[in-house]
Amino acid sequence: MVAHMLNILFLLFLPFLMLGVMSRIKALAGGRKGPPLLQPFFDMLKLLRKGAVVSRVTSWVFTVAPSLALAATLTALLLAPGVGRAQVISFDGDIVLCLYLLGLAKFFQLISALDTGSAFEGMGAGREALFSVIVEPSLFLFAGTLALVSGATSFGALFTLAQSGAWPAVAATTGTLLFFLLMLTEGCRIPVDDPNTHLELTMIHEVMILDNAGPDLAFLQYAAALKMYLFALLTAALVLPVDLSPLPAAFALPAVALLCAALAGIVESLVARFRISHVPQFLFLTVALALIALAASVYFRGGVA
Amino acid sequence: MSQILTILFGVGILYLSLTSRMRTYIQVIALQGLILFLLIARDFGELDWFTFFFLSFETLAFKTLIVPAVLWRIVERTHVARETDPHIPQFGSVVIGTAVFLAGFAVTDWVSRIDPSVDALPFGIAVSTLIIAFFIILTRKKLITQVMGYMLMQNAVSLLMIAMAVELPLLVNLGVLLDIFTLLFLFLLFLGKLHSAYEETSRERLTSLRDQP
Amino acid sequence: MMLPILLTFPLLAAVPLFSLRSRRAERSVLFLHALLTVGAVLYWAFAGPEEFIGYFRADTGNLLFLALIAAVYLAVIPASYRYLEREKVSELWHRIYVVAMLLFVFSMTGAVLAKNLGLFWVFIEATTLASAPFIYFERHQSSLEATWKYVFICSVGIAIAFIGILFLALSAKGVSDLFYTDLIANAPQLGRFWLLFSFPFLVVGLGTKAGVAPMHSWLPDAHSEAPSPVSAFLSGMLLNTAFYGLYRIFLVMEAAGLRREAAIFFLVCGFASLLIGAVYISGATNYKRLLAYSSIENMGIIFIGVALGGAGLFAAFLHLTAHALTKSSLFITAGNIAHLFGTKEIAGVRGLREADRPTGALWGLGFAAIAGLPPFPIFISEFLIAREMVTQGRFGLLAAFLLLVTLVLYGMARAAFGMYLGSAPAAAKAGPSRPIDRLPEAALLTALLILGVAMPDAVRRIIDLATMSLLP
């Protein structure tokens, strides 16, 4: 029960804190002081208080999409393993639902971007769709690998079993890297996308939400932050030891999440954004990692403990 | 821990087939040198101090620092920032890189079934690295990239030695030493002559000696 | 007694040469080294085997190779003197030439004398390093290119061979070290899987140095760019040295009961080389490159002979002997022609017969010898190989072999006749050369004629021993 409470509490704060840590690290690397750590949270509160302007050419899709995206992402997060790998909701095969909920959120964001009829937003949606096509299989592949190794189909059990059983270090390493890359991709960070860019032509995520305002914008940004948090959660589930007692586990989770954010911040300060044409290659790396994890799990099962 | 290092060694290769930036190549080579050193350091207890000293000098000083530094300097001097126009498109080379890894694992699986004493993971990664190094040597046009492919091959051989735990007699050490000589020679050739002879060091220019069947 | 002298002399002699700064001293050291090599070979031939610090051994198994090194060396030295004189090389490059030659021969003798596969590998690597300055010797753009290719491809080959040795060591783990004799003695206990796994790496890796396909591409460039006397050495001895080590490993495979598998690799490499040689010989426009392709082709024939076994084995070693002598002679003559006509293009050379009668005669005879016309020994070896194919009932191989050899003959003949006949350009009619200048080339061809017409029993025995005595 406590774990569930904590999970939900974390859902409310940690995503923003991660964003805050990222921008703080970037600021420090750039020799600036940077905004307060919870600035993204305050930004959202401010947006929630504002009204929204909705373009006349849009249909109901545009109105519904932000709330739907947030709801779907939140539900997906409830399915994900949190403190001590406990899920708020869990059943056999919840992993599939979780991934499909993310897909649903993305789908609505895409068509709402198309709905505005703006050339820029259509372009952003197109890019986002292309990248998703490449990234999605890697997540499913890796989830399948975990299921293969552990024999379970529920998120929490997946990680617990996989780690305690014959869990090849190959898959652990590739998995961590994979989740980190996915976090950068889905969180629309450098080197895939630049959240600070002001040139519509180079934007991906930011250009898709150009027409959203007020609470809608807040919802979409929260959903994006949540997605990043999801991958931090998965990383934590992968790397944290199974036999952690509740209290350290409660601290370890945010620690891992913030560490991921810090690493992402470091990457952002060091690396330049890829050319759009280079991004698919980079994203294919995630598929490659998942494939390697799968191959290693198949070939080295039991062989390499 | 050593397994994680080995995986990182392999992922470095994968990342390398992804990019065309010379500096990334150099960074990956240096990283691999460091990983090799750490892998050897892990075996510290099992090696006699001379072999240990020798091998760690070779990996840490030579592979991690000196060679990448020289390569870096060459890149800065010749202004070849990236490998342009390889024979095979970049995206293709990532796909091929992945396929090679899968094939390498399959070979390893086959080998380790026959000889269980082989450390499967480093063996598989070494085999894959070897194939990718050949791939780079054969498909990339710039001479410096080919040298880097050769370096990758050397790293793969070192990893292979670690994987197979061949008791290193003095002769193998000698072999390593001579490889270094060859490399130094390559660099001398590269630094001293090829650079002054071609404005752009590219294999495409090395085509005056060729026959038509 | 001779082993330590032979192995230390070039190293010790190379050092003072740098301070002496005298061309005459440099040349005499070189000549002394050659005489020493010849003396050592004679000594071993009569006094029997000799060992040195447990890592080197001269015996009947490598006597043939040592004798060939000595013979080619002796022939190359006067040619080198002539080359260095007429090219008017600077003092520095003169010294580089001499020192590199000392080290090159040292590394080749070391490789042949080494009892241990690892040591052999080290010496093979040393041959690459020692011979690289030669290929850059003329310092053209194209020599640079050839040097790069040579060093790079050979380094890759050496690395592959090293992987092969690693696998071989794995197969010998706990059973044997890497001494040839131990490997052969313990061959039945070697891990068959790793032995089989290592062999392709060794064939490709050492095959790079031996000039067989698939990694032969350095060879034409290096041979055409190096000074002609050095090309003679590269073709005549370097290829054979690498082949020597490979043959020893082949014997290990044979002793381990894997002869059939090993023979397949040799056969594939051999035929690929023969094919490449045949195809490129017909299209060659540069006669030094033509000779280089012919080397690839001949190494292919040697590999085929070894793969066949039986009488093919003797044929292979006879072929190796004949090829080393013929090709050295041809390359030295090619150097003379290049000097006479100022070009390496086949199209640029006309009327050798008129321009310089002895050179023309040597060129024609050399071509007859290398193309396998009777009474030269290459005819005998090719005939023996063909007969062995008939004996074994491999008619498909026979057809391919004969076809390719005929193709080679055609390509050779076309180039040779074109160069020999016709009227020479006026510029090429150089002053009369002294017959003594052509002595080494002529001596090599004479030796070949003797081998072909009436092979002395001693030679036959040496060749026989080189093929067989390796087995314990």
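Looking across C:A262, C:A222, C:A242, C:A232, one residue alone is part of a helix (DSSP H, G or I) and touching a Leu at 6+ places or on another chain (Cβ under 6 Å). It is C:A242.
Select from the range C:208-219 the residues that are assigned to a loop (DSSP other than H, G, I, E, B), crowded, with 24+ Cβ neighbours inside 10 Å and within 13 Å of chain B (Cβ to nearest Cβ) and list them in ascending order. Break it down stepwise before answering.
Start the filter on the range C:208-219 by keeping residues that are assigned to a loop (DSSP other than H, G, I, E, B), which leaves C:211-217.
Subset that is crowded, with 24+ Cβ neighbours inside 10 Å: C:211-212, C:216.
Across the range C:208-219, the qualifying residue is only C:H216.
For A:A119, state whether it is away from chain B (no Cβ under 14 Å), closer than 20 Å to A:A290 by Cα and surrounded by fewer than 23 Cβ atoms within 10 Å (Cβ to Cβ). No, not satisfied.
Is the range B:1-10 home to any residue that is more than 10 Å from chain A (Cβ to nearest Cβ) and surrounded by 20 or more Cβ atoms within 10 Å (Cβ to Cβ)?
At the first step, the residues of the range B:1-10 found to be more than 10 Å from chain A (Cβ to nearest Cβ) are B:9.
If we keep only those that are surrounded by 20 or more Cβ atoms within 10 Å (Cβ to Cβ) as well, we get B:9.
Yes, there is a match, as at least one residue in the range B:1-10 is more than 10 Å from chain A (Cβ to nearest Cβ) and surrounded by 20 or more Cβ atoms within 10 Å (Cβ to Cβ).
Take A:L259 and tell me if it is hydrophobic (A, V, I, L, M, F, W, C), on the phi < 0 side of the Ramachandran plot and either crowded, with 17+ Cβ neighbours inside 10 Å or modelled with pLDDT of 85 or more (or both). Let's see the steps before the verdict.
Numbers: hydrophobic (A, V, I, L, M, F, W, C): yes; on the phi < 0 side of the Ramachandran plot: yes; either crowded, with 17+ Cβ neighbours inside 10 Å or modelled with pLDDT of 85 or more (or both): yes.
Yes, satisfied.
Pairs are defined by a Cβ separation below 6 Å, a sequence spacing of at least 6 or placement on different chains, a first member in the range C:392-420 that is without any contact (Cβ under 8 Å) to a residue 40 or more places away in the chain, and a second member that is outside any helix (DSSP H, G or I); the pairs so defined are C:L409/C:A371. Using beta carbons and a limit of 6 Å, which pairs, at least six apart or on different chains, have the first residue in the range C:149-167 and in contact (Cβ under 8 Å) with a residue 60 or more places away in the chain and at the interface with chain B (Cβ under 7 Å from one of its Cβ atoms) and the second one surrounded by fewer than 23 Cβ atoms within 10 Å (Cβ to Cβ) and assigned to a helix (DSSP H, G or I)? From residues that are in contact (Cβ under 8 Å) with a residue 60 or more places away in the chain and at the interface with chain B (Cβ under 7 Å from one of its Cβ atoms), there are no pairs. From the list C:S282, C:S294, C:S228, the one residue that fits, being touching a residue at least 40 places away in the same chain (Cβ under 8 Å), buried (at least 24 other Cβ atoms within 10 Å of the Cβ), of a type outside the set (A, V, I, L, M, F, W, C) and within 14 Å of chain B (Cβ to nearest Cβ), is C:S294. Just checking, does the range B:106-118 include any residue being farther than 24 Å from A:A288 by Cβ, touching a helix residue (DSSP H, G or I) at 6+ places or on another chain (Cβ under 7 Å), buried (at least 24 other Cβ atoms within 10 Å of the Cβ) and in contact (Cβ under 8 Å) with a residue 12 or more places away in the chain? No, the conditions are met nowhere in the range B:106-118. Put simply, of C:L365, C:L373 the only residue that is farther than 22 Å from C:A79 by Cα and hydrophobic (A, V, I, L, M, F, W, C) is C:L373.
Output the residue which, of all residues in the range C:51-92 that are in a helix (DSSP H, G or I) and basic (K, R), is surrounded by the most Cβ atoms within 10 Å (Cβ to Cβ).
For the range C:51-92, the residue satisfying everything is C:R82.
The one condition from (1) in contact with a helix residue (DSSP H, G or I) (Cβ under 7 Å, 6 or more places away or on another chain); (2) over 24 Å from C:A130 (Cα atoms); (3) within 14 Å of another protein chain (Cβ to nearest Cβ) that C:D182 does not meet is (1). Has the range A:85-94 got at least one residue that is surrounded by fewer than 21 Cβ atoms within 10 Å (Cβ to Cβ), more than 14 Å from chain B (Cβ to nearest Cβ) and assigned to a helix (DSSP H, G or I)? Within the range A:85-94 (the criterion being surrounded by fewer than 21 Cβ atoms within 10 Å (Cβ to Cβ), more than 14 Å from chain B (Cβ to nearest Cβ) and assigned to a helix (DSSP H, G or I)), the answer is no, since none of the residues qualifies.
Restricting the range C:137-148 to residues that are more than 16 Å from C:S80 (Cβ to Cβ), in contact (Cβ under 8 Å) with a residue 40 or more places away in the chain and more than 7 Å from every other protein chain (Cβ to nearest Cβ) leaves a set whose member that is farthest from the chain's Cα centre (by Cα) is C:H140. When the range B:18-38 is filtered for residues that are surrounded by fewer than 24 Cβ atoms within 10 Å (Cβ to Cβ), assigned to a helix (DSSP H, G or I) and among the hydroxyl-bearing types (S, T, Y), only B:T24 remains. Could you check, for the range C:93-112, whether at least one of its residues is touching a Cys at 6+ places or on another chain (Cβ under 6 Å) and buried (at least 23 other Cβ atoms within 10 Å of the Cβ)? The answer is no, given that none of the residues of the range C:93-112 is touching a Cys at 6+ places or on another chain (Cβ under 6 Å) and buried (at least 23 other Cβ atoms within 10 Å of the Cβ).
Given the structure, is C:A292 over 25 Å from C:F65 (Cα atoms), of a type in the set (A, V, I, L, M) and either in contact with a Leu (Cβ under 6 Å, 6 or more places away or on another chain) or not in a helix (DSSP H, G or I) (or both)? Step through it out loud before you land on a result.
Working: over 25 Å from C:F65 (Cα atoms): no; of a type in the set (A, V, I, L, M): yes; either in contact with a Leu (Cβ under 6 Å, 6 or more places away or on another chain) or not in a helix (DSSP H, G or I) (or both): yes.
Here the answer is no, as C:A292 does not meet what is asked.
Identify, please: which residue in the range B:127-157 is within 10 Å of the chain's Cα centre (by Cα) and either within 14 Å of chain A (Cβ to nearest Cβ) or among the basic types (K, R) (or both) and is, among those, surrounded by the most Cβ atoms within 10 Å (Cβ to Cβ)? My answer is B:T129.
Looking at A:A296, A:A224, which one is small (G, A, S) and either without any contact (Cβ under 8 Å) to a residue 40 or more places away in the chain or not in a helix (DSSP H, G or I) (or both)? Steps first, answer last, please.
Working: A:A296 fails: either without any contact (Cβ under 8 Å) to a residue 40 or more places away in the chain or not in a helix (DSSP H, G or I) (or both).
Matching residue, one of A:A296, A:A224: A:A224.
Residues of the range C:124-141 that are farther than 15 Å from C:A100 by Cβ and modelled with pLDDT of 90 or more: C:I124 alone.
Exactly one residue out of C:L92, C:L144, C:L183, C:L113 is over 21 Å from B:M151 (Cα atoms), at pLDDT 90 or above and not polar (S, T, N, Q): that is C:L113.
The set of residues in the range A:276-288 that are more than 7 Å from chain B (Cβ to nearest Cβ) and touching a residue at least 40 places away in the same chain (Cβ under 8 Å) comprises A:I276, A:V279, A:L283, A:T286, A:V287.
The values are calculated or read from the model by the stated rules, or taken from the named source; none is laboratory data. Values in this document were obtained by computation on a predicted structure and should not be read as measured data. We place every Cβ from the backbone using ideal geometry, glycine too, and count neighbours over all the protein chains shown.
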